[in-house]
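In what follows, a single structure is set out as structure tokens and then discussed.
The values are calculated or read from the model by the stated rules, or taken from the named source; none is laboratory data. This structure is a prediction, so every number in the text was calculated from the model and none was measured. When we count neighbours, we look across all protein chains shown, and the Cβ atoms used for this are built from the backbone with ideal geometry, even at glycine.
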Amino acid sequence: MRLPPVDKPLTLKQEHFAQLVIERQGRLSEAYREAYDADNMTDESVKVSAHRLAREHEGVANRIAELRGELLERHRTSVDTITAELEEARRLAMTEKAAGPAVQASMGKAKLHGLLVDKKEVTTPQGVKFVMMAPDAEGKAGD
């Protein structure tokens, strides 16, 4: 049963919960535990509270839907369109019998989809070895 619409803005905790639902890929209980003081709650209580907040609180449900839409749009623009552009460039290069640009376009697609990771290995004069990797889209070094 959905609660009546809320005309006031979300609280900071509700907004944080909605954002965490997206970041945690829909894991409601995990998002709820991080956004709210749930240390003394049972797992079942957290699950029920998280579900009610995400599904029955119209303001929170709408915000989660809005954030999901933004994420889909960003993904569509940043991955799908770039992939299509690189594929178009690769096909053009192939028809022009230009192997170099075709390989570059293929390598660009591989990097975009995480199949290739830029890394550099450096050894200091003392024999200490470092492996440096380019950060991924979230700013963390790859595995």
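Each residue in the range 66-94 was checked for being loosely packed, with under 11 Cβ neighbours inside 10 Å and under 18 Å from LYS8 (Cα atoms), and 0 of them qualify.
Against the list (1) touching a helix residue (DSSP H, G or I) at 6+ places or on another chain (Cβ under 9 Å); (2) surrounded by 12 or more Cβ atoms within 10 Å (Cβ to Cβ); (3) at pLDDT below 95, the condition LYS8 fails is (2).
Could you please let me know if ALA89 is more than 26 Å from the chain's Cα centre (by Cα), under 30 Å from LYS109 (Cβ atoms) and assigned to a helix (DSSP H, G or I)? Explain how you work it out, then say what you get.
Numbers: more than 26 Å from the chain's Cα centre (by Cα): yes; under 30 Å from LYS109 (Cβ atoms): yes; assigned to a helix (DSSP H, G or I): yes.
Answer is yes for this residue.
Take the range 11-25 and flag every residue that is under 23 Å from GLU73 (Cα atoms) and not in a helix (DSSP H, G or I). Passing the criteria: ARG24, GLN25.
Scanning the range 29-49 for residues that are under 26 Å from HIS75 (Cα atoms) and in contact with a Phe, Trp or Tyr (Cβ under 9 Å, 6 or more places away or on another chain) turns up ALA31, TYR32, GLU34, ALA35.
Considering only residues of the range 11-44 that are within 19 Å of the chain's Cα centre (by Cα) and without any contact (Cβ under 8 Å) to a residue 12 or more places away in the chain, which is farthest from GLU70 (Cα to Cα)? Spell out the reasoning first.
As a first pass, look at the range 11-44 and keep what is within 19 Å of the chain's Cα centre (by Cα): 15-32, 34-35.
Right, trim to without any contact (Cβ under 8 Å) to a residue 12 or more places away in the chain and you get 23-27, 30.
Values: GLU23: 13, ARG24: 15, GLN25: 14, GLY26: 15, ARG27: 18, GLU30: 21 Å.
The extreme case among them is GLU30.
In the set (1) in contact (Cβ under 8 Å) with a residue 12 or more places away in the chain; (2) within 30 Å of GLU15 (Cβ to Cβ), the condition left unmet by PRO101 is number (2).
Looking at the range 64-77, is at least one residue free of Cβ contacts under 8 Å to residues at least 60 places away in the same chain and more than 19 Å from the chain's Cα centre (by Cα)?
Within the range 64-77, the subset free of Cβ contacts under 8 Å to residues at least 60 places away in the same chain is 64-77.
Then keep just the ones that are more than 19 Å from the chain's Cα centre (by Cα); that gives none.
No.
Residues in the range 95-132 that are among the charged types (D, E, K, R) and surrounded by 10 or more Cβ atoms within 10 Å (Cβ to Cβ): GLU96, LYS109, LYS111, ASP118, LYS119. Of all residues in the range 46-63, those satisfying the criterion of being under 15 Å from PRO9 (Cβ atoms) and in a helix (DSSP H, G or I) are GLU58, GLY59, VAL60, ALA61, ASN62, ARG63.
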